[in-house]
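The values are calculated or read from the model by the stated rules, or taken from the named source; none is laboratory data. Just so you know, these numbers come straight off a predicted model, no measurement behind them. Note that we place each Cβ from the backbone using ideal geometry, even for glycine, and neighbour counts take in every protein chain shown.
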Amino acid sequence: MPAVKNFDPEAISLLKDKIKLIKTDKGAIYLVGPIQLPVNLFGETAQFQWYCWLNCNEVTEDFERIVAKLSSANLAEYQQSSVLVHGDFHDADQALIRFHSICHTGDIFGSKRCDCGYQLKQSMKHIADQGSGALFYLANHEGRGIGLFSKALAYILQENGYDTVDANLQLGFADDARDYSDAIQVLKALRTKPVTLMTNNPKKLDALREAGLDVEDRVQLWGDVSPYNEKYLKTKIERSGHLNEDEGCCHND
């Protein structure tokens with residue numbers, strides 16, 4: 001690691017005030033923020049506070065040492081997860097949260113093969129309308145945890161008749177390999193009061209409750225159904241166990 005000895009003391013002071021150490025069983029999570037992030041949300045500007053976190057084996061409150069490592073670690077090759085917070089998330093009596101798995105094709109390109117881009121924008125809108133909440137954007141969850149390249153391979157199989165579950169299984173992966181432990185640690189650092197979870201996925205609900213978090217309610221998040229994603233949505237319900245109170249959610253009427 002190249003030594004970096006010429007930090008501007010003022011710059012380091014500013015950074016230290018924005019870094020929080022969260023100890024874990026495997027080392028530490030370094031949470032940086034809050035950072036002002038005005039967001040264009042359906043043509044209106046919504047004010048969010050943005051945090052990003054980094055996993056590290058080293059546990060230290062010498063944050064200058066951690067910053068000094070970054071230039072040699074080439075973090076641009078990896079994706080780090082983050083969280084958008086709105087309102088008084090720490091102390092508000094009610095708060096909505098969403099654990100959103102990154103979807104390169106849906107979130108960025110607006111793919112209609114899934115409902116991810118729709119869920120991302122709708123959850124942000126629901127949080128802004130509620131007045132307090134947080135959207136956790138989980139970067140290592142692409143393709144339910146198989147990564148972007150493997151997701152592309154799975155898409156080829158899906159174009160040839162495999163559903164999303166079987167495509168992952170044929171490539172040697174689990175149907176759903178996502179892990180929520182880091183996000184849960186960050187959530188605990190940002191809020192101790194009960195939360196309402198936006199999800200159709202019971203595994204997310206179970207992960208929070210098994211970690212001892214108080215989830216007082218769940219809000220479903222269906223929509224943007226089209227001929228391109230109807231099979232995908234039905235597979236979520238019929239094979240992945242997603243919860244559906246709205247029997248019409250997966251029919252393009």
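Here are some notes:
- When the stretch 193-240 is filtered for residues that are among the β-branched types (Val, Ile, Thr), at pLDDT below 90 and over 19 Å from Asn168 (Cα atoms), only Val225 remains.
- Residue in the stretch 28-37 that is surrounded by 13 or more Cβ atoms within 10 Å (Cβ to Cβ) and aromatic (Phe, Trp, Tyr) present: yes
- For the stretch 173-189, the candidate set comprises residues that are exposed (fewer than 15 other Cβ atoms within 10 Å of the Cβ) and under 21 Å from Cys52 (Cα atoms); within that set, the residue that is farthest from the chain's Cα centre (by Cα) is Lys188.
- Hits in the stretch 70-80 (condition: within 15 Å of Glu142 (Cβ to Cβ) and either polar (S, T, N, Q) or outside any loop (DSSP other than H, G, I, E, B) (or both)): Glu77, Gln79, Gln80
- Within the stretch 153-172, the residues that satisfy the criterion of being crowded, with 19+ Cβ neighbours inside 10 Å and either farther than 19 Å from Glu238 by Cα or of a type in the set (A, V, I, L, M, F, W, C) (or both) are Ala154, Ala167.
- Scanning the stretch 191-230 for residues that are surrounded by fewer than 13 Cβ atoms within 10 Å (Cβ to Cβ) and touching a Cys at 6+ places or on another chain (Cβ under 9 Å) yields one hit, Gly223.
- Scanning the stretch 112-144 for residues that are of a type in the set (Lys, Arg), within 15 Å of the chain's Cα centre (by Cα) and farther than 24 Å from Leu54 by Cα turns up just one, Lys121.
- Residue within the stretch 58-76 that is closer than 22 Å to Leu213 by Cβ and in contact with a helix residue (DSSP H, G or I) (Cβ under 6 Å, 6 or more places away or on another chain) present: no
- The one condition in (1) surrounded by 12 or more Cβ atoms within 10 Å (Cβ to Cβ); (2) closer than 24 Å to Ala189 by Cα; (3) touching a residue at least 40 places away in the same chain (Cβ under 8 Å) that Leu54 fails to fulfil: (3)
- For the stretch 187-216, filtering for residues that are in contact with a Gly (Cβ under 9 Å, 6 or more places away or on another chain), part of a helix (DSSP H, G or I) and not charged (D, E, K, R) leaves 1.
- Qualifying residue in the stretch 68-82 (condition: buried (at least 17 other Cβ atoms within 10 Å of the Cβ) and not small (Gly, Ala, Ser)): no
- Gly110 falls short on exactly one of the conditions (1) more than 27 Å from Arg144 (Cβ to Cβ); (2) loosely packed, with under 12 Cβ neighbours inside 10 Å; (3) touching a helix residue (DSSP H, G or I) at 6+ places or on another chain (Cβ under 7 Å), and that condition is (1).
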